[in-house]
Structures are given as structure tokens and as C-alpha cells.
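Reviewing the structure listed below.
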């Protein structure tokens, strides 16, 4: 049965094998504040260990914004010490999302700027509605992206394109974001969540151990030399060869039937 839980700044809907997290501060275009980081941390701590949940969707309330950025009023009184802590906290939570071991799909249903864009960058896949607009315009505020944006955007679309966006504080529309590789698919607004659910169902039909292994291999190999990354890949491949799911997958293929995954 579906389960639903409300947090202070987020709404969580659980309908296995999918969880939907809705950023829920529509009065400020779902801007990220300290409480939202606490709620995101709590939700992902729970979902990471919930074996019934295979894919996690993130979206914003009311279809005007995914997340308009960090809560600017909360940054007004920061100094060098407290600003460092703010950046480290955001990086910690977004890294938790990026490495949770389950595919996460950002359903960008409006503006995703600054910290909101960085949250989308921390997700595995990004789907954008036609009204989406994305960017890291922090230089307009005398700041840099501080929740991982300088690093994740560069790795995703390359240093030249990333620097051009950040150095000019450019905000791009959905087609341009798709052309750059910042988002993976453009989807009509009415079809955004249905398409995300379709993707989630496709992923959830595959071996959960294999999906986790792919995520782990890509994550571990991202910042190490190729030889070390290949060694990590081989180690994960070997580990999976010792699982019941590998045996089931190969047997089902040979017997021309759908596999029944056990997650072990």
C-alpha cells in the first residue's frame, strides 16, 4: 500500500518500488534552507536502507520551481567561518544523495537555480519540463556555487561549457540545457512525472544488485586513474558473480523467462 509522510519542508510519497520527494516551500519557490537540508538528510538516510524502494524521484511543489536556489536571507549574516559551514553542510547532504546507492531522478518542473541546480546535479538523471530554466548565477551575488556545483557541472558538461555558464551567470532554458547535456530528457510538463515513473519502472525491473553495482563503479571511478577504476569495476563484477541474483538472471535468460530478483 502507498505510504505518505510529511516533513517540515518536504513531502515524501512511498509507493514501492518508487519514492517521490517533493520540495515543499512553494511560497519561496522551494528555496533551500537549513531545515530542508535536515529533512533531505533524514529522508535519504531512511530510503537508503529501505529495500522496497528502488528508485527515488525529486521534484518541486506547484510547478513553478524545482528549487530557486539557496535561501538568500539565510546567507545575509554569514561570515568566512559560518559560510564555510554552510557550504560544507550542503556538500555533505548532496553527496549523500549522489552516493545513496539508488538511482535518483530530478524532475525539474520550473526554475532550478543555484543550490536548486546543484541538487539536480547531485541526482543520477535529470528530466526537464518545457518551462525549466537552469543555471549557477552565484557570481551575481558575490559568491560561487558552494554545494558542489563547480565540480559536478564541470564533470557533466565539460570545463569550457561549465565555466561559460558560471562566469557569465547565464540561466539557460530547457532546450539549451538539453543541448549542453545538463539535462537528459525534455518532457512536456504534463508528462514529466509519468515519464519519470516509466524510467523508474524500467530500472526497478532490473537486478537491484546490478543497479547498485553500476552506480558504485561509476562513483568510485570518477576521480581516480583509469587503471584503478578498471580494477574497481572488476572487483564489483566479481562480487556480483557470487550472488544469487546473477545465477537467477543467467538462468532466466537461458530459460527464456522473466527473472525473479532476490537482492542477494
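To keep it simple, each residue is scored yes or no on (1) more than 25 Å from residue 154 (Cα to Cα); (2) in a loop (DSSP other than H, G, I, E, B); (3) without any contact (Cβ under 8 Å) to a residue 24 or more places away in the chain; (4) in the same structural domain as residue 101 (by TED's automatic domain parsing).
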site	(1), (2), (3), (4)
212	no, no, no, no
215	no, no, no, no
227	no, no, yes, no
230	no, no, yes, no
233	no, no, yes, no
245	yes, no, no, no
249	yes, no, no, no
259	yes, yes, no, no
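A quick yes/no check of all residues on (1) farther than 21 Å from residue 27 by Cα; (2) in contact (Cβ under 8 Å) with a residue 12 or more places away in the chain; (3) crowded, with 18+ Cβ neighbours inside 10 Å:
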| site | (1), (2), (3) |
| --- | --- |
| 81 | yes, no, no |
| 90 | yes, yes, yes |
| 95 | yes, yes, no |
| 135 | no, yes, yes |
| 144 | yes, yes, no |
| 149 | yes, yes, yes |
query: Which condition number does residue 206 fail, the rest of (1) out of contact with any strand residue (DSSP E or B) (no Cβ under 7 Å at 6 or more places or on another chain); (2) in a helix (DSSP H, G or I); (3) at pLDDT 95 or above being met?
result: (2)
message: Take the residues in region 52-69 that are part of a strand (DSSP E or B) and without any contact (Cβ under 8 Å) to a residue 60 or more places away in the chain; name whichever of them is nearest to the chain's Cα centre (by Cα).
response: 56
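The values are calculated or read from the model by the stated rules, or taken from the named source; none is laboratory data. Treat the numbers as computed from the prediction; the structure is a model and nothing was measured. In this analysis, Cβ positions are derived from the backbone assuming ideal geometry, glycine residues included, and neighbour counts consider all displayed protein chains.
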